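Laboratory data are not the source of any read-out in this text; all were calculated from the coordinates shown. All of these numbers come straight from a predicted model, not from anything done at the bench. Here the Cβ positions follow ideal geometry from the backbone for every residue, glycine too, while neighbour counts run over all protein chains shown.
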Amino acid sequence: MNRRPYTSDDLEPVVAIFRSNIPKYFGPAEEPGLRGFLADVRSDDYSVVELDGDIIAAGGIALNDDQTVSLCWGMVRADHLGTGVGHELTEFRIQKAREKHGSLPLVISTSQHTSGFYERFGFRITRHVPDGFGPSIDICEMRLER
């Protein structure tokens, strides 16, 4: 596997990863938000993971106005879920956030389907909104203190 910074040429492969995770992890209505994020993202804040020349995962970080750092738009192509790619990418994003932004709290807005995954890294749910992302996809806002 090879992790590298995102480039605009990666847009459609990353959107394909997103679509591979509909309807369990993402709702179709979220796609414009992803496209908008990728149009403005700094390449050093968003990464893709390649395997044999195919992009199989992506994720990044973003500094928020409230002095927290978001883990944002992290996803693994559906046919690679459970292989450890997501774990490695999450560890990388946490490390990058710490290197770049010190001890600021980390936050993530995820679903009930992945909140347990992030709890293993120490994140705790701070807010839960049933069906917040769409039918059967709750919003679970989570936080990790230093």
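Report yes if Phe26 is in contact (Cβ under 8 Å) with a residue 60 or more places away in the chain, over 27 Å from Asp131 (Cα atoms) and not basic (Lys, Arg), otherwise no. Taking the combined requirement at face value, the residue does not satisfy it. Within segment 68-83, residues that are farther than 9 Å from Asn21 by Cα have Cβ atoms under 9 Å from residues that are among the charged types (D, E, K, R) in these pairs: Thr68/Arg143; Val69/Arg98; Val69/Lys100; Leu71/Arg93; Cys72/Asp45; Cys72/Arg93; Gly74/Arg93, counting only partners at least 6 apart in sequence or on another chain. Of all residues in segment 13-32, those that are in a helix (DSSP H, G or I) and in contact with a Gly (Cβ under 9 Å, 6 or more places away or on another chain) total 3.
Taken over segment 111-142, the criterion of being part of a strand (DSSP E or B), touching a Leu at 6+ places or on another chain (Cβ under 9 Å) and not aliphatic (A, V, I, L, M) is satisfied by Arg124 alone.
Scoring Ser111 on the criteria (1) buried (at least 18 other Cβ atoms within 10 Å of the Cβ); (2) among the hydroxyl-bearing types (Ser, Thr, Tyr); (3) under 19 Å from Val48 (Cβ atoms) leaves a single failure, condition (3).
In segment 50-102, of all residues being part of a loop (DSSP other than H, G, I, E, B) and acidic (Asp, Glu), the one that is farthest from Glu119 (Cα to Cα) corresponds to Asp52.
Taken together, Gly82, Gly86, Gly102 contain a single residue that is out of contact with any His (no Cβ under 8 Å at 6 or more places or on another chain) and within 21 Å of Asp10 (Cβ to Cβ), which is Gly86.
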